[in-house]
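The values are calculated or read from the model by the stated rules, or taken from the named source; none is laboratory data. None of these values were measured; they are calculated from a predicted model. Counting neighbours? That spans all protein chains shown, and the Cβs are built from the backbone with ideal geometry, glycine included. We work out accessible area using only protein heavy atoms, side chains counted, and drop any ligands, DNA or RNA first. Shrake-Rupley method; radii C 1.70, N 1.55, O 1.52, S 1.80 Å.
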Amino acid sequence: MSTERYVELLALLRADHSDPAALLRRVSGLCVDLCAVTGAAMTVQGGDDGTAQALACATDATSLVLDDLQRTVGEGPGPAAHERGGPTLVADLATAEARWPGFTPGARAAGVAAVFSFPLHIGAVRLGTLDLYRTTAGSLNRTELRDALALADIATHTVLDDLRSPDPMDIGWLSDIHAVVHQATGVVTAQLNVTMRDALLLIRAHAYSHQTPLDQVSHQIISYRLRLGTGE
């Protein structure tokens, strides 16, 4: 990645750098424009147990479906990229059935044919992922891959700068549509005296086995219309 191209991408973003939410939305939109992908989403993650997650932005409805699916089954290109700290590039999702048996059928049913996820990280500090998808199979070419990596880097510094603000724990600018999942995780943790990680796994398992969106299950839990057991 040349410095000149990096500067060009920053100029193309044309966003107020004092507004991290707007900048991340522009990064996702620019990925669609420059990388010949159908949609993009940005997820910010934190906490050693991986339960602190926030969807920063998504360009379309299918990106939202993929985000919810990955949260429900706990696997897919985003979690893989976040865990290994490197890009996860799948040019033909039909080849990933064995790798992600919970994620792949649902993603393909949503019309997704290829997925590309890039970690937002600096060294060992991992902040989230930039997730792209296509409705047709095919790899990113060298130029598209270069731009995606650069845009992921820009997003990483945007999130990191915000976390270094006077109140580093304040990430309220994130449009986290999954806040209810965090609340439900806390409820199950208290009810069953299990860890946050185990509580989230129970919620995911119930959502997956009942083919119900993760948010819907979480709403049922926090409204006390559903109580999970360790046998879930």
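The numbered conditions (1) out of contact with any helix residue (DSSP H, G or I) (no Cβ under 6 Å at 6 or more places or on another chain); (2) open to solvent by 10 Å² or more (accessible area, probe 1.4 Å); (3) of a type in the set (A, V, I, L, M, F, W, C) are all true for Ala113 except (1). Pairing each residue of segment 19-45 that is touching a residue at least 12 places away in the same chain (Cβ under 8 Å) with any residue that is among the aromatic types (Phe, Trp, Tyr) and open to solvent by 20 Å² or more (accessible area, probe 1.4 Å), provided the two are 6+ apart or on different chains, yields C-beta distances under 7 Å for Pro20/Trp173; Ala21/Trp173.
Taking every residue in segment 96-118 that is in a helix (DSSP H, G or I) and pairing it with any residue that is charged (D, E, K, R), at least 6 positions away or on another chain, the pairs with Cβ-Cβ distances below 8 Å are Thr104/Glu97; Pro105/Glu97.
Residues that are touching an Asp or Glu at 6+ places or on another chain (Cβ under 9 Å), of a type outside the set (A, V, I, L, M, F, W, C), open to solvent by 10 Å² or more (accessible area, probe 1.4 Å) and modelled with pLDDT of 70 or more within segment 16-42 comprise Pro20, Thr38, listed in sequence order. The requirement of being within 12 Å of Ala152 (Cβ to Cβ) and either out of contact with any Ser or Thr (no Cβ under 7 Å at 6 or more places or on another chain) or loosely packed, with under 14 Cβ neighbours inside 10 Å (or both) is satisfied by Gly86.
Kindly indicate whether Thr72 is of a type in the set (S, T, N, Q), crowded, with 22+ Cβ neighbours inside 10 Å and assigned to a strand (DSSP E or B). Answer is no for this residue.
Scanning segment 120-135 for residues that are part of a strand (DSSP E or B), at pLDDT 95 or above and open to solvent by 10 Å² or more (accessible area, probe 1.4 Å) turns up Asp131, Arg134.
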